[in-house]
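Shown next, in structure tokens, is the structure this report addresses.
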Amino acid sequence: MTIEESREVVRALIAGIAPDADVTGINPDVDLRREADLDSLDFQTLIERIADTTGVEIPEADYPQVRSLRGMSEYIEAHLR
Amino acid sequence: MLSASLPPWSEWWAVMAEFRMPSLGADMTEGTLLEWLVQPGDVVHRGDIVAVVDTSKSAIDVEVFQDGRIAELLVDPGATVPVGTVLAVLDGKNVDVPEAPSDVAASGAAESPQVARHRGSVKASPLARRRAAELGIDLASVHGHGGVISVADVEAVETHAPTREPATTSEPAPAPLDHAAGDPAVADHAAAMRRAIANLMARSKREIPHYYLQTTVDMSRALEWLAHENAERAVSDRLLPAALLLKAVARAAREVPEMNGFLADGVFTPEKHVHLGVAVSLRGGGLIAPALHDADTLSVNELMSQLKDLVSRSRSGRLRSSEMSDPTLTVTNLGEQGAELVHGVIYPPQVALVGFGRIVERPWAVNGMLTVHPVVAVTLAADHRVSDGHRGGIFLAAIDRGLQSPQNLQEGEA
């Protein structure tokens with residue numbers, strides 16, 4: 001999976017959690033929780049669905065690395081290998 | 001003997017029960033029957049969902065209050081009727097009622113006769129809970145093999161439940177309040193919800209002499225404990241700070257019962273159970289505060305999974321009538337993106353509301369040394385007709401104490 005593909009996966013998962021969010025308009029460098037109006041439960045759900053979809057389990061200690069769309073897609077891409 | 005002199009019809013009447021349009025919150029005056037999930041002749045058990053009712057807030061699964069056989073349905077789907085209208089008649093006698101499954105009944109404490117509900121102690125895998133939430137299936141209605149409900153058990157129920165909605169995909173259905181623009185019915189709904197919130201909050205501010213207290217709680221122990229716990233957990237079993245905050249409130253409510261109960265006709269009645277109303281903001285606007293039942297007796301793990309389930313169902317419009325009608329104390333938690341402090345408005349006829357701001361890092365003095373700690377501002381809005389600042393302060397102190405020993409909050413208790 002390329003970074004762009006993993007970014008699409010994350011976008012699709014966010015769209016499932018926050019149907020009203022404009023996922024194509026997400027600024028990749030800004031905190032996703034703010035960009036998509038995700039609360040902590042939504043963010044936790046996103047982490048769960050990423051694990052279900054890609055097999056990448058993100059430990060809580062790594063959450064600071066995956067706060068933005070860019071950070072999250074790079075993390076997924078790096079850990080899929 | 002009196003009973004011997006009664007005519008036969010009274011014996012008949014004694015076993016017939018009326019199922020009425022419930023009051024799903026103090027702001028509800030009428031409801032629209034959307035759908036019957038039962039037919040005349042069906043045997044129902046207390047806590048079964050028998051109908052779906054639309055309120056100004058959302059569609060609610062309405063539970064029946066007693067065992068019986070449906071004798072007659074009196075109101076047709078689509079009809080809007082006032083609260084208290086008889087919707088159906090139940091025959092409470094001519095029923096061969098099997099015992100309720102023990103895993104539902106076992107959890108415990110005496111049920112209030114007016115309030116029937118499924119208990120939270122059903123054993124199910126986290127994945128099964130999630131799947132059940134997605135499909136809108138109550139776990140209490142699922143038969144688990146080997147005592148624990150699996151995803152397969154949940155899906156078996158789904159395929160054998162013709163009255164339910166068709167199976168959804170793994171993504172939750174959009175909440176009915178989403179995409180308000182463009183759909184007049186949905187826009188009406190949003191306006192109706194805003195009106196309902198306005199009416200209830202105006203009544204609260206008009207009638208309840210609120211007093212407000214505030215304290216700042218050091219969250220370093222709680223967050224360290226959570227980080228330690230979560231490090232060893234699978235993604236789906238991780239805990240959020242909200243679970244500890246809610247648990248600490250539920251415990252404190254047992255200590256200070258003046259915060260937990262209802263004021264009606266000038267008389268305060270403390271409630272034995274702590275059913276925490278959890279304020280959930282809906283996408284597309286609006287707010288709903290359904291009950292997390294028996295929050296004081298749940299373990300933090302159970303509380304976390306029920307919170308997830310409750311929030312997900314709040315947003316997809318599949319709440320139960322008991323969840324809507326009986327919170328005894330409400331908590332609003334602004335979460336990670338919120339403001340630092342909230343002074344809440346009490347939901348009548350409740351008498352208190354606890355608010356948590358965002359957890360933030362702040363300078364914190366310990367033993368004369370200045371360090372940086374994560375802290376949270378906790379507020380209490382309480383009804384001066386029932387309690388005063390002294391008791392309110394004890395209540396907030398109890399919440400603080402709970403959060404300083406997270407390991408003691410972890411376990412459920414009777």
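The values are calculated or read from the model by the stated rules, or taken from the named source; none is laboratory data. All values reported here derive from a predicted model rather than from experimental measurement. All Cβ positions, glycine included, derive from the backbone under ideal geometry; neighbour counts span all protein chains shown. Areas reflect the complete protein model, heavy atoms only, side chains present, ligands, DNA and RNA absent. Shrake-Rupley method; radii C 1.70, N 1.55, O 1.52, S 1.80 Å.
Which ones in the range B:271-286 are more than 14 Å from every other protein chain (Cβ to nearest Cβ) and either under 18 Å from residue B:399 (Cα atoms) or open to solvent by less than 40 Å² (accessible area, probe 1.4 Å) (or both)? Let's see the steps before the verdict.
Step one: of the range B:271-286, the residues more than 14 Å from every other protein chain (Cβ to nearest Cβ) are B:271-277.
Once the filter is applied, which keeps residues that are more than 14 Å from every other protein chain (Cβ to nearest Cβ) and either under 18 Å from residue B:399 (Cα atoms) or open to solvent by less than 40 Å² (accessible area, probe 1.4 Å) (or both), the range B:271-286 yields B:273, B:274, B:275, B:276, B:277.
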**Prompt:** Could you say whether any residue in the range A:61-74 is within 11 Å of chain B (Cβ to nearest Cβ), within 11 Å of the chain's Cα centre (by Cα) and part of a helix (DSSP H, G or I)?
**Reply:** yes
**Message:** For the condition buried (at least 20 other Cβ atoms within 10 Å of the Cβ), of a type in the set (Val, Ile, Thr) and modelled with pLDDT of 85 or more, what is the one hit in B:89, B:81, B:44?
**Reply:** B:44
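Do any strands (runs of 3 or more DSSP E) lying entirely in the range B:30-72 carry at least 1 residues that are over 23 Å from residue B:286 (Cβ atoms) and among the aliphatic types (A, V, I, L, M), and which ones are they?
Working: elements: B:30-36, B:49-54, B:59-63.
In the range B:30-72, the matching strands (runs of 3 or more DSSP E) lie at B:49-54.
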**Any pair with Cβ under 9 angstrom, 6 or more apart, that starts in the range B:39-50 at a residue that is touching a residue at least 24 places away in the same chain (Cβ under 8 Å) and ends at one that is open to solvent by 60 Å² or more (accessible area, probe 1.4 Å) and among the aromatic types (Phe, Trp, Tyr)** = B:46/B:65; B:47/B:65
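Kindly indicate which of B:191, B:222 is part of a helix (DSSP H, G or I), among the aliphatic types (A, V, I, L, M) and open to solvent by 40 Å² or more (accessible area, probe 1.4 Å).
Values: B:222 fails: open to solvent by 40 Å² or more (accessible area, probe 1.4 Å).
B:191 is the lone residue from the list that is part of a helix (DSSP H, G or I), among the aliphatic types (A, V, I, L, M) and open to solvent by 40 Å² or more (accessible area, probe 1.4 Å).
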**Request:** Working only within the range A:19-57, note down all residues that are open to solvent by 30 Å² or more (accessible area, probe 1.4 Å), acidic (Asp, Glu), under 25 Å from residue B:334 (Cβ atoms) and at the interface with chain B (Cβ under 8 Å from one of its Cβ atoms).
**Result:** A:20, A:37, A:39
**Matching residues, the range B:54-69, being more than 19 Å from residue B:313 (Cα to Cα) and open to solvent by 10 Å² or more (accessible area, probe 1.4 Å)** = B:65, B:66, B:67, B:69
**Request:** Would you check which residues across the range B:256-266 are at pLDDT 95 or above and either within 12 Å of chain A (Cβ to nearest Cβ) or open to solvent by 30 Å² or more (accessible area, probe 1.4 Å) (or both) and list them?
**Result:** B:257, B:258, B:262
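Taking the residues in the range A:9-18 that are under 25 Å from residue B:339 (Cβ atoms) and assigned to a helix (DSSP H, G or I) as candidates, determine which candidate is farthest from the other protein chains (Cβ to nearest Cβ). Break it down stepwise before answering.
Residues of the range A:9-18 that are under 25 Å from residue B:339 (Cβ atoms), as a first pass: A:14, A:17-18.
Now drop any that are not assigned to a helix (DSSP H, G or I), which leaves A:14, A:17.
On the way: A:14: 11, A:17: 8 Å.
Checked the range A:9-18; the qualifying residue farthest from the other protein chains (Cβ to nearest Cβ) is A:14.
Residue-by-condition table, conditions (1) modelled with pLDDT of 95 or more; (2) acidic (Asp, Glu):
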position: B:194; (1), (2): no, no
position: B:203; (1), (2): no, no
position: B:214; (1), (2): yes, no
position: B:218; (1), (2): yes, yes
position: B:225; (1), (2): yes, no
position: B:236; (1), (2): no, no
position: B:248; (1), (2): yes, no
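Taking residue B:289 as the residue in question, decide whether it is open to solvent by 10 Å² or more (accessible area, probe 1.4 Å), without any contact (Cβ under 8 Å) to a residue 60 or more places away in the chain and not aromatic (Phe, Trp, Tyr). Explain how you work it out, then say what you get.
Numbers: open to solvent by 10 Å² or more (accessible area, probe 1.4 Å): yes; without any contact (Cβ under 8 Å) to a residue 60 or more places away in the chain: yes; not aromatic (Phe, Trp, Tyr): yes.
So residue B:289 passes the test.
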**Message:** Any residue at all in the range B:241-251 that's open to solvent by 30 Å² or more (accessible area, probe 1.4 Å) and either within 14 Å of chain A (Cβ to nearest Cβ) or not in a helix (DSSP H, G or I) (or both)?
**Reply:** yes
